[in-house]
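Below is one structure; the comments refer to it alone.
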Amino acid sequence: MNPLRPASTALALAFLLALPAAPASAAAGCTIVFGQGRNRAAAGDPANRFWDDVNIDFNAEVAGRLKAGGVDVIALALRVAATDLRANVRRLLERADAEGCTTLVETTIFADAAAGQLVARLRSYPILVDPGRAAAAPILRIGAPSFVDERSFEWTRTTLDRVKPAVLARSLAGELLARRAAAAASAAASALSAKP
């Protein structure tokens with residue numbers, strides 16, 4: 001596989017949105033910060049380690065920024081070689097269930113060779129209890145994204161020398177924190193106005 005060609009995001013998103021994979025426990029409201037590179041090369045190709053390192057660093061930086069902003073986070077980063085999508089989603093949801101998480105934040109940095117761009121993306125999804133399951137054995141699933149933000153840059157061999165994952169994490173996580181704060185303030189104002 002071309003190391004600059006990202007894996008199919010449509011297929012990944014379909015699995016993320018549709019695959020129930022873990023029994024649900026009482027949610028405590030933590031956030032799973034999940035990251036993985038999308039550019040896979042042949043086994044043993046140094047490009048795989050490059051994308052792993054970039055994405056593991058980006059994931060850790062986003063998780064750290066969110067934690068510093070008061071979010072209870074669980075970081076989970078997978079290597080590009082972890083290509084069993086069904087198993088990856090199941091692992092993610094089992095971890096979310098074990099920790100009582102209600103939100104997924106997905107982080108990724110990848111090269112889109114066809115567009116000639118480097119993309120850094122952050123998406124947030126609710127983790128929901130599947131309403132079609134019995135209350136005695138509820139199942140978690142991932143909802144539609146509630147927040148999507150990304151930065152794109154012209155892709156060259158020196159792009160990541162100029163565009164640092166830590167800087168991208170600070171910017172994208174900061175915008176997510178601002179969105180969460182605004183939503184919390186709006187919910188509080190609505191609750192106050194609804195009181196008699």
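The values are calculated or read from the model by the stated rules, or taken from the named source; none is laboratory data. The structure presented is a predicted model; accordingly, all values stated were derived computationally and were not measured. Glycine also receives a Cβ, built like all others from the backbone with ideal geometry; neighbour counts cover every protein chain displayed. The protein model used for the area step is the full one, side chains on, heavy atoms only, and it has no ligands, DNA or RNA in it. Shrake-Rupley method; radii C 1.70, N 1.55, O 1.52, S 1.80 Å.
Of all the residues that make up region 94-107, how many are assigned to a helix (DSSP H, G or I) and open to solvent by 10 Å² or more (accessible area, probe 1.4 Å)? Steps first, please.
Residues of region 94-107 assigned to a helix (DSSP H, G or I): 94-99.
Among the residues that remain, those that are also open to solvent by 10 Å² or more (accessible area, probe 1.4 Å) are: 94-95, 97-99.
The number of residues fulfilling the criteria is 5.
In region 87-99, the residues that are under 16 Å from Gly143 (Cα atoms) reach residues that are of a type in the set (A, V, I, L, M, F, W, C) and part of a helix (DSSP H, G or I) with C-beta atoms within less than 7 angstrom, at least six apart or across chains, in these pairs: Val89/Phe15; Val89/Leu16. Within region 67-83, none of the residues are over 18 Å from the mean Cα position of the chain (by Cα), more than 30 Å from Ala184 (Cβ to Cβ) and open to solvent by 30 Å² or more (accessible area, probe 1.4 Å). If you take the residues of region 25-48 that are surrounded by 15 or more Cβ atoms within 10 Å (Cβ to Cβ) and assigned to a helix (DSSP H, G or I), which of them is modelled with the highest pLDDT? The qualifying residue modelled with the highest pLDDT is Asn48. Six or more apart or on different chains, Cβ atoms under 6 Å: show the pairs whose first residue is in region 103-121 and of a type in the set (Gly, Ala, Ser) and whose second is modelled with pLDDT under 90. What qualifies is Ala111/Leu4; Ala111/Asn39; Ala111/Trp155; Ala113/Leu4; Ala113/Arg5; Gly116/Trp155.
Among Arg180, Arg91, which is basic (Lys, Arg), over 20 Å from Ile56 (Cα atoms) and buried (at least 17 other Cβ atoms within 10 Å of the Cβ)? Give the derivation first.
Values: Arg91 fails: over 20 Å from Ile56 (Cα atoms).
Within the list Arg180, Arg91, the selection yields Arg180.
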